[in-house]
Structures are given as C-alpha cells and as structure tokens.
Amino acid sequence: ASFLPGLMGLGPSMATEYIFHKGVLFPIMNYSPETLSFVENEFQVRDDHVFNVTYPKSGTNWMLEILSLIRYGGDPSWVCSVLNWKRAPWMESQTGLEAALKYLPPRLLTSYLPIQLFPKSWHHSKEKVKIIYTLRCPKDLLVSLYHFSHFMHVYKLSSSIDVFLEDFLSGNMPYGSWFNHVTGWMRLKGNENFFSITYEELQQHPQDSVWRICHFLGKELSEEQVATVVENASFQSMKGNKMSSFSLLQDKYIDHKKGNFLRKGICGDWKNHLSEVQTGFLHSAVPGAIRLNVCGGWAPT
Ligand code: A3P
C-alpha cells in the first residue's frame, strides 16, 4: 500500500509551512522546488562520493560523526574543528547544496531524500558510490521526531502526539512517508555498494558496527582506532562538542531554549510516550519485511 499523501489530504495550514514537491513534503525553510529538481536532475554524483542517507531522527548525525571519524582513523581533530553540516552537507537543502558543490572530493554527503528523488546521475556510478542507510525503530523515531518538531522551526507543530501519529501514518511529513522511504531504499539491500544498519545495532554493538562500516568503506582501522571512533562518536562526546551538537545552529532554525538535538540517545524511550493503542497502530502499519527481516526487535512483545 502507498502511504504517499494526496494533495486532497493536506489541510490549508500545512500548505503554508511545507512545500509539496513531486508528491513529497519538504520544509519551506531552506528548501525549494528548484534546488530539489537540480539535485535530482543535474547534481553530478562522482565515483568517490559517500552518502549518509536516513529518514530524519534515525541516527543521521551519529552516523555522520562515525563516518567523519573513520575518515581520519579516529582522530577527532576534524570533528572538533569543523561543523557537522559542513563535514557532510545535506545536499538537497539550499545551504547544503551550496556547501556540497564547493566541497573538494572525496565528498561525504548527507541526505534525507526518498530514493525516487535521489540524483539521477548516481545510476552511472552505482558500481562505485557507497551509500550507508541507517534505520531506526519507528516507535523511537516517532517520539524523537515529535520532540524535535517542538523546537525546530522547519516542522509544523502538532496539537498532540495523536495528531502527529496520524500524520506519520499517512505520510504527511517532511521528507515524505517513513514507510515509503524505508521500503524504497531497502530495495537496494544485497547491492554491493549499499550498506544498511540500524540505530539499535549501533547502540548494542558499537565496536562491531564500526568494524562493519570500515569494511564496507574499504578502510582498515586498527582495534584502537575503532575504539577511538566509538568513543569520540558517543552521545556524551557529541553533546560536549559544539561542532556536533547543533548548539551553534542559527536561531531562525531552532529554539535552543525548548530542546536539544541530542535529546536522550537511547532505545525504548517510546515506552514513556506511546500508549498501547498508538504502538498497535504503528506496528500494524510497518511492512512485515522491514519488521521481521531488518529489525526483529521491533516486533510487538
Ligand atoms: P532522541 O531524540 O531519541 O534522543 P538524527 O541525527 O537522525 O536527527 O537523530 C537524532 C536522534 O539520534 C536523537 O534521538 C539523538 O539524541 C540521537 N543521537 C544522536 N547522536 C547520538 C549518539 N552518539 N548516540 C546515541 N544517540 C544519538
């Protein structure tokens, strides 16, 4: 079943705060149909690009930090001196695209794009370009996103978590439906240059996860270097690093008094926020293949 929103499903208030591009919502702030079309049709993907792809709140910035650290063998100098959104720009946003185009290769780029809006030129480099896709249990993702929407001005405020859940289930969300995003990207599973990992795996097996990412990237790091990557990409390290915590993000994007990008950084916070009925709705909407084959731990208990 498709969860893509139809135009008819969008209320008038939403239209003023989001743009609707090729069936997918995007924030008005920092996004435009022109930029999104440019990224899809003209952006030139090179063989040496590495992409950090996620649906928002899946662990994007954690992966960004891990990839930044792996690039320098665990040495934290880069992550401590350069802002994360400059180390791996979100290529589909207006400021991100500017940064991406100035970025000297090899480029590390981040994207929230659903697969159908990803740069077409990628098809010519499919054999070489590496894509890392991070997924997260949708219950925790929803809770994280709900909190996030209260302090990030790019999101429309919902009157309650019930309304938010409804929008999430129907795909009326910036960057589109989580369900379509995950199923779209996970069709690449098995492709040599596509690597998927869950937020939960990163939490439970950080060392092993970093090993696997290094192996995928063809980077040989020693045991000590892997341990340094894990340590420097930990929740506490990132919270203490202004280059990674978003504490320097401009006030036009965020209300710093209302919340933190690095909020809790745990698995299972959904238990504190979602009722049995709400989790039931969410569970029944998650495609079986995703629930069982990718993340057995998401199954209802
Ligand atoms: P919570 O809101 O549940 O705390 P994204 O980077 O995709 O926006 O995801 C943000 C979520 O990842 C937030 O979740 C944030 O706290 C968590 N996160 C970021 N860095 C982390 C880290 N190093 N370890 C664990 N969780 C992290």
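Please treat every number below as a calculation from the coordinates, not as lab data. Given the structure is predicted, the values throughout are model-derived calculations rather than measurements. Glycine gets a Cβ as well: all are built from the backbone with ideal geometry, and neighbour counts include every protein chain shown.
Exposure proxy ranking for His256, His147, based on other Cβ atoms within 10 angstrom of each Cβ and starting from the fewest, stands as His256, His147. Fully extending the segment from Asn191 to Glu231, taken as 0.36 nm per residue of separation minus the present Cα-Cα distance, adds 11.4 nm. Entry note, the chain: the mean residue ellipticity at 222 nm calculated from DSSP H runs of n ≥ 4, each adding -39500 (n - 2.57), is -11500 deg cm²/dmol after division by the residues and rounding to the nearest 500. Here the simple spin-label model places points 7 Å from the Cα toward Cβ, and for Phe281 and Ser81 these points are separated by 5.0 nm. Relative contact order of the range 12-64, taken over Cα pairs closer than 8 Å and 6 or more residues apart, is 18 percent. With both labels modelled 7 Å from their Cα along Cα-to-Cβ, the Arg46 to Asp162 distance reads 5.3 nm. Taking a point 7 Å from the Cα of Lys271 along the Cα-to-Cβ direction, the residues of the range 117-151 with backbone N closer than 18 Å to it are 137-144. Each peptide in 85-92, 164-171, 70-77 gets a packing score, the mean of other Cβ atoms within 10 Å over its residues, and the list from highest to lowest is 85-92, 164-171, 70-77. In this simple spin-label approximation, Tyr253 and Ile28 carry label points 7 Å from Cα along the Cα→Cβ vector, and these lie 1.9 nm apart. Close amide H contacts of Thr198 (hydrogens built in the peptide plane, cut-off under 5 Å, sequence separation of 5 or more or a different chain): Leu135. For the chain, DSSP calls about 25 percent of its internal beta bridges antiparallel.
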